[in-house]
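In what follows, a structure is listed as C-alpha cells, so that the remarks can point back to it.
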C-alpha cells in the first residue's frame with residue numbers, strides 16, 4: 001500500500017531523515033518509534049507532501065513526489081497531525097461533517113454514527129464547539145474526522161500526546177477496531193501501546209532506520225530497543 005525508498009529530508013544544514021526505506025501493507029498496522037528529533041514527524045509530513053524530500057514515496061503504486069497535499073488526501077491517505085487541529089468555531093458534529101469532504105468519490109468506510117460508536121464520549125458533546133473541548137476530546141474528534149474521510153491508509157502523529165491515561169486507553173481501544181478495517185501508520189512515544197496496537201515497527205534514531213521487525217520480536221529484544229529509544233524503563237512498559 002505504502003512504499004518508501006531511500007527517503008531523505010533536510011532543513012538547511014540539518015539532516016532530519018537519512019535514506020530510510022520501509023513499507024506498509026494493505027492490512028498492516030505499523031509503528032514509527034524513536035526519541036524526540038529522530039525524524040518520525042518529518043517522515044509523516046513528507047508522505048503527506050508537506051515538506052520537500054528526496055527518494056521515492058509510492059501509495060498504492062502511485063508516485064507521490066510532485067503531488068499537492070490535497071491530491072494525496074484525495075487518494076485516500078489521511079493524516080492526523082500532532083496537535084489535533086479541530087475547527088474551534090464548529091461543533092463536534094460539524095467538525096465530523098467537514099471530514100466527509102476528504103472522501104471525494106470513494107466509498108465511505110466509516111460513517112459519523114460509526115465515529116460516535118467508537119468514541120461514545122462524543123455523543124453528549126455533539127453540539128459543543130471545538131474551542132470548548134478538552135485535549136482528549138479534540139483528539140477523538142480529529143481521529144473521527146479523518147475516519148469519515150474514507151481513509152485507505154490512516155497516519156497518526158502522537159495520538160496519546162498530552163492525554164490522561166484513561167483517555168489514551170479510549171483512543172487506542174478505538175484504534176484497535178480501526179486497524180481491523182484500515183491500514184495504520186502511527187508515530188507514538190508510548191512504546192508499549194504502539195507495539196500492542198501494531199504488528200510491525202520501525203525504530204528511528206538521528207534520522208536513520210536502526211531497527212525494524214514484528215512487534216513481538218522487538219518486545220523480545222527490549223534492551224536493544226531501549227538503547228535506541230533512550231528509555232531505560234522500556235522493559236517495564238512492555239510488561240505493563
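Summary table
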read-out: Wholly enclosed helices (runs of 4 or more DSSP H) of segment 25-106 bearing at least 2 residues under 22 Å from residue 192 (Cα atoms) and out of contact with any helix residue (DSSP H, G or I) (no Cβ under 6 Å at 6 or more places or on another chain); value: 40-47
read-out: Qualifying residue in segment 35-44 (condition: within 15 Å of residue 153 (Cβ to Cβ) and in contact (Cβ under 8 Å) with a residue 60 or more places away in the chain); value: yes
read-out: Residues of segment 117-136 that turn out to be in contact (Cβ under 8 Å) with a residue 24 or more places away in the chain and either part of a helix (DSSP H, G or I) or in contact with a helix residue (DSSP H, G or I) (Cβ under 6 Å, 6 or more places away or on another chain) (or both), as a count; value: 11
read-out: In segment 6-15, the residues that are modelled with pLDDT of 95 or more and either crowded, with 18+ Cβ neighbours inside 10 Å or more than 11 Å from residue 53 (Cβ to Cβ) (or both); value: 7, 9
read-out: All positions within segment 148-158 that are over 16 Å from residue 43 (Cα atoms) and either touching a residue at least 60 places away in the same chain (Cβ under 8 Å) or surrounded by fewer than 19 Cβ atoms within 10 Å (Cβ to Cβ) (or both); value: 149, 150, 151, 152
read-out: Qualifying residue in segment 155-165 (condition: in a helix (DSSP H, G or I), over 14 Å from residue 110 (Cβ atoms) and either out of contact with any helix residue (DSSP H, G or I) (no Cβ under 6 Å at 6 or more places or on another chain) or modelled with pLDDT of 95 or more (or both)); value: yes
read-out: Residue 20 vs. criteria in contact with a helix residue (DSSP H, G or I) (Cβ under 6 Å, 6 or more places away or on another chain), at pLDDT 95 or above and assigned to a strand (DSSP E or B); value: no
read-out: Per-region count, segment 7-17, residues outside any strand (DSSP E or B) and within 11 Å of residue 208 (Cα to Cα); value: 0
read-out: Residue identified as closer than 21 Å to residue 161 by Cβ, at pLDDT 95 or above and either touching a strand residue (DSSP E or B) at 6+ places or on another chain (Cβ under 6 Å) or assigned to a strand (DSSP E or B) (or both) among 175, 185; value: 185
read-out: Qualifying residue in segment 196-219 (condition: in a loop (DSSP other than H, G, I, E, B), buried (at least 22 other Cβ atoms within 10 Å of the Cβ), modelled with pLDDT under 95 and touching a strand residue (DSSP E or B) at 6+ places or on another chain (Cβ under 7 Å)); value: yes
read-out: Single condition residue 132 does not satisfy, out of (1) touching a strand residue (DSSP E or B) at 6+ places or on another chain (Cβ under 6 Å); (2) exposed (fewer than 14 other Cβ atoms within 10 Å of the Cβ); (3) under 23 Å from residue 83 (Cβ atoms); value: (1)
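The values are calculated or read from the model by the stated rules, or taken from the named source; none is laboratory data. As the structure is a prediction and not an experimental result, all values here were calculated from the model. All Cβ positions, even for glycine, are placed from backbone atoms using ideal geometry, and neighbour counts span all protein chains on display.
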